[in-house]
Amino acid sequence: MQQDLVHAIKSNPKYHELVSKRSSFSWIMSVVMLVIYYAFILTIAYDKPLLAAPLWEGATMTVGIPVGVAVIVFAFALTGIYIQRANAVFDKLTREIKEEVL
Amino acid sequence: MSLWKRAFPAICLMFMAGSALAAGGDLGAVQKAAVNVPAIIMFLVFVAATLGITYWAAQRTKTAKDFYAAGGGITGFQNGLAIAGDYMSAASFLGISGLVFLNGYDGLIFSVGWLVGWPIIMFLIAEQLRNLGKYTYADIVAYRFERVPMRSLAATAALVVVVLYLIGQMVGAGKLIQVLFGLDYVYAVIIVGILIIMYVTFGGMLATTWVQIIKAGLLLSGATIIALGALYLASDGSMSPERMFQKAVEVHPKKGAIMGPGALVTSPIESISLGLALMFGTAGLPHILMRFFTVGNAIEARKSVFYATGWIGYFYILTFLMGFGAIVLLTGNPEFADAAAVGGIKGGQNMAAVNLSAAVGGNILLGFISAVAFATILAVVSGLTLAGASAISHDLYANVWAHGNVDEQQEVRVSKIATVVLGIIAILLGIAFEKQNIAYLVALTFSVAASANFPILLMSIYYSKMTTRGALIGGWLGLISATVLVIVGPTVWKEILQLGDPIFPLKYPALFSMTIAFLGIWIGSITDTSERAKKEHEAFIAQDVRCQTGIGAEGAASH
């Protein structure tokens with residue numbers, strides 16, 4: 001890419017808005033996923049009986065099963081949330097930057 | 001529960017068809033090692049269809065971009081299915097359901113770990129890969145760094161991962177055929193090798209992708225039928241998971257222990273390390289990463305991850321149901337018993353899902369699932385082989401050996417030769433390795449991928465002060481430390497080599513080997529005061545602009 005184009009984009013305030021918005025959102029979402037996953041796996045490491053406890057009085061189904069499934073569903077939901085925001089905010093900014101500099 | 005109720009009529013129909021077949025005679029017990037006719041017919045149909053696709057794709061595969069990246073014309077939805085297909089390998093399908101069959105809840109821990117890597121891939125690398133890359137992930141890693149050493153590192157790491165992953169897939173193929181088709185292990189492995197060489201050399205990425213998409217569709221429908229059918233039968237028709245769990249606990253040798261976490265995760269350190277390997281290993285698998293170059297732009301790239309995550313998550317929930325269904329329906333069932341095999345069933349625990357299909361839907365469903373499982377191996381091995389061949393032709397041949405001065409057609413030719421060689425290597429590996437639990441083998445691969453490929457990929461996208469020296473030090477240290485620690489760890493040192501107590505206590509060394517890799521990159525970079533390092537710092541700005549906006553990225557093909 002030509003130096004002047006790089007310079008033009010780099011000095012566009014919308015570019016900075018895009019970079020800061022997207023990177024903070026991406027890292028926050030990643031941290032959320034990591035926290036949830038590690039909460040799950042460290043519970044397994046430290047307190048197995050908690051997850052092996054019956055879901056209700058006399059049940060064979062344990063707390064761990066809906067929790068595990070919930071982590072899976074949550075991971076999918078997070079990707080959906082990211083797409084929503086990316087479509088609404090990041091793509092719009094990217095389009096505007098392209099219109100202004102190209 | 002309402003979901004189960006709604007699915008009920010379909011399951012009923014399917015169940016009636018299944019029991020009608022079963023009532024036709026107790027074929028399973030008599031024809032244990034006999035040739036499974038429906039399986040072979042369905043498998044031949046699949047092979048014919050995929051060869052047709054290969055022929056069609058061959059007509060459209062002319063340029064290097066066609067060969068490596070299907071011309072960049074795959075949509076996000078299609079690519080999501082293809083990625084899910086790559087991920088739903090024989091190891092996931094047979095291995096995880098087998099693990100649930102043996103240990104219950106522990107199988108779910110693996111699934112969760114493998115799934116949660118996907119959102120991270122979406123948030124941190126999917127769009128960036130698409131914006132910066134061309135054919136292989138080494139394109140990103142070498143973007144602003146010294147070409148020859150970086151490509152050599154990335155290609156070596158990619159090949160190590162591909163070969164390790166291939167072993168698991170080929171072993172799965174051999175086992176499957178032993179149980180199902182009445183064919184010899186060696187023949188089976190050779191057939192797989194020849195077919196994948198044909199798909200990849202003639203049809204390139206386009207054929208590989210479509211084979212993967214079709215297989216993903218078949219596998220998802222097959223797994224849905226088995227899981228719901230098994231739930232129906234195992235819950236006495238009530239479709240209540242609770243009832244199925246009750247019966248599973250009654251018959252399983254470990255009793256109530258299967259309902260909670262067991263021996264898989266022992267210490268907190270072990271669990272953190274396992275989690276890192278499963279999560280970030282995904283982001284270091286070359287055959288997955290190359291899929292991001294087949295879509296038109298970054299928007300399609302992130303869409304693919306959304307669909308892939310959904311399908312994979314759904315599939316994992318099904319494998320969990322299948323594992324428990326297998327406990328109830330196969331344990332103590334004389335039709336499937338084999339006291340000598342692991343788990344006491346024919347073919348060992350890795351055949352739990354396949355035996356379960358026979359228990360649920362008789363010979364027809366068994367045939368269908370056998371064919372699908374075989375197709376799964378073919379499709380995943382094709383993707384792996386193409387990833388390995390790209391590393392050899394695009395990275396090692398074109399960029400390292402020929403310094404980028406190479407004719408596109410010549411590069412594709414080298415790629416095809418590499419495919420043939422890798423196909424033969426896959427056959428030999430399949431024959432050499434046989435008696436390991438394939439899910440664990442995949443877990444080993446993930447440790448290496450997480451420590452060697454992922455750190456240099458992530459850091460080259462985000463760390464502006466990274467230099468060639470830092471990347472090389474970190475990358476090689478990650479690769480070497482992960483490999484060595486796996487070898488001296490419990491799985492290889494103690495269980496395979498039987499050398500007594502392992503030198504390194506963890507099965508999954510990712511916590512340590514990833515730390516070593518990241519520290520190596522960081523220290524190697526900040527202590528680098530060369531002229532080259534300064535230029536690389538400056539080059540980050542242009543890379544970042546392209547990475548963030550997609551301006552200057554490889555465009556989609558016009559056709």
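Listing for the model above:
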read-out	value
Any hit, the stretch B:143-159, residues being buried (at least 22 other Cβ atoms within 10 Å of the Cβ) and not in a helix (DSSP H, G or I)	yes
Filter result for the condition that a residue is surrounded by fewer than 24 Cβ atoms within 10 Å (Cβ to Cβ), touching a residue at least 24 places away in the same chain (Cβ under 8 Å) and on the phi > 0 side of the Ramachandran plot, over B:198, B:239	B:239
Meets criteria (out of contact with any strand residue (DSSP E or B) (no Cβ under 6 Å at 6 or more places or on another chain), modelled with pLDDT under 90 and within 17 Å of residue B:380 (Cα to Cα)) for residue B:88	yes
Breaking point among (1) closer than 16 Å to residue B:458 by Cα; (2) among the acidic types (Asp, Glu); (3) more than 14 Å from chain A (Cβ to nearest Cβ), for residue B:501	(1)
Scope the stretch B:526-552; condition more than 10 Å from chain A (Cβ to nearest Cβ) and assigned to a loop (DSSP other than H, G, I, E, B); matching residues	B:527, B:528, B:529, B:530
Residue in the stretch B:498-511 that is surrounded by fewer than 17 Cβ atoms within 10 Å (Cβ to Cβ), outside any loop (DSSP other than H, G, I, E, B) and modelled with pLDDT of 85 or more present	no
Residue satisfying all of: in the stretch B:276-324; in a helix (DSSP H, G or I) and polar (S, T, N, Q); farthest from residue A:61 (Cα to Cα) among these	B:304
Candidates B:506, B:485, B:499, B:511, filtered to the one that is within 23 Å of residue B:263 (Cα to Cα) and in contact with an Asp or Glu (Cβ under 7 Å, 6 or more places away or on another chain)	B:506
Leading residue by the ranking (surrounded by the most Cβ atoms within 10 Å (Cβ to Cβ)) among those in the stretch A:70-87 that are within 19 Å of residue A:27 (Cβ to Cβ) and out of contact with any Phe, Trp or Tyr (no Cβ under 9 Å at 6 or more places or on another chain)	A:74
Residues of the stretch B:274-314 classified as surrounded by fewer than 24 Cβ atoms within 10 Å (Cβ to Cβ) and farther than 18 Å from residue B:131 by Cβ, total	4
Residue B:530 vs. criteria touching a His at 6+ places or on another chain (Cβ under 9 Å) and either touching a residue at least 40 places away in the same chain (Cβ under 8 Å) or β-branched (Val, Ile, Thr) (or both)	no
Output for the stretch B:32-75, where each listed residue is over 25 Å from the mean Cα position of the chain (by Cα) and under 30 Å from residue B:358 (Cα atoms)	B:32, B:33, B:34, B:35, B:36, B:37, B:38, B:41
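Yes/no matrix, rows are residues, columns are (1) at pLDDT 90 or above; (2) in a helix (DSSP H, G or I):
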| residue | (1), (2) |
| --- | --- |
| B:79 | yes, yes |
| B:115 | yes, yes |
| B:135 | no, no |
| B:165 | no, yes |
| B:182 | no, no |
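This table checks each residue for (1) charged (D, E, K, R); (2) under 19 Å from residue B:100 (Cα atoms); (3) surrounded by fewer than 19 Cβ atoms within 10 Å (Cβ to Cβ).
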| position | (1), (2), (3) |
| --- | --- |
| A:27 | no, no, yes |
| A:30 | no, no, yes |
| A:36 | no, no, yes |
| A:40 | no, yes, no |
| A:47 | yes, no, yes |
| A:57 | yes, no, yes |
| A:65 | no, yes, no |
| A:68 | no, yes, no |
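Yes/no matrix, rows are residues, columns are (1) aliphatic (A, V, I, L, M); (2) more than 25 Å from the chain's Cα centre (by Cα); (3) under 30 Å from residue B:42 (Cα atoms); (4) more than 9 Å from every other protein chain (Cβ to nearest Cβ):
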{"site": "B:229", "(1), (2), (3), (4)": "no, yes, yes, yes"}
{"site": "B:245", "(1), (2), (3), (4)": "no, yes, no, no"}
{"site": "B:248", "(1), (2), (3), (4)": "yes, yes, no, no"}
{"site": "B:264", "(1), (2), (3), (4)": "yes, no, no, no"}
{"site": "B:293", "(1), (2), (3), (4)": "no, no, no, yes"}
{"site": "B:301", "(1), (2), (3), (4)": "yes, no, no, yes"}
{"site": "B:323", "(1), (2), (3), (4)": "no, no, yes, yes"}
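The values are calculated or read from the model by the stated rules, or taken from the named source; none is laboratory data. In this text, all values refer to a predicted model and were calculated from it rather than measured experimentally. Heads up, the Cβs are rebuilt from the backbone with ideal geometry, glycines too, and the neighbour counts pull from every protein chain shown.
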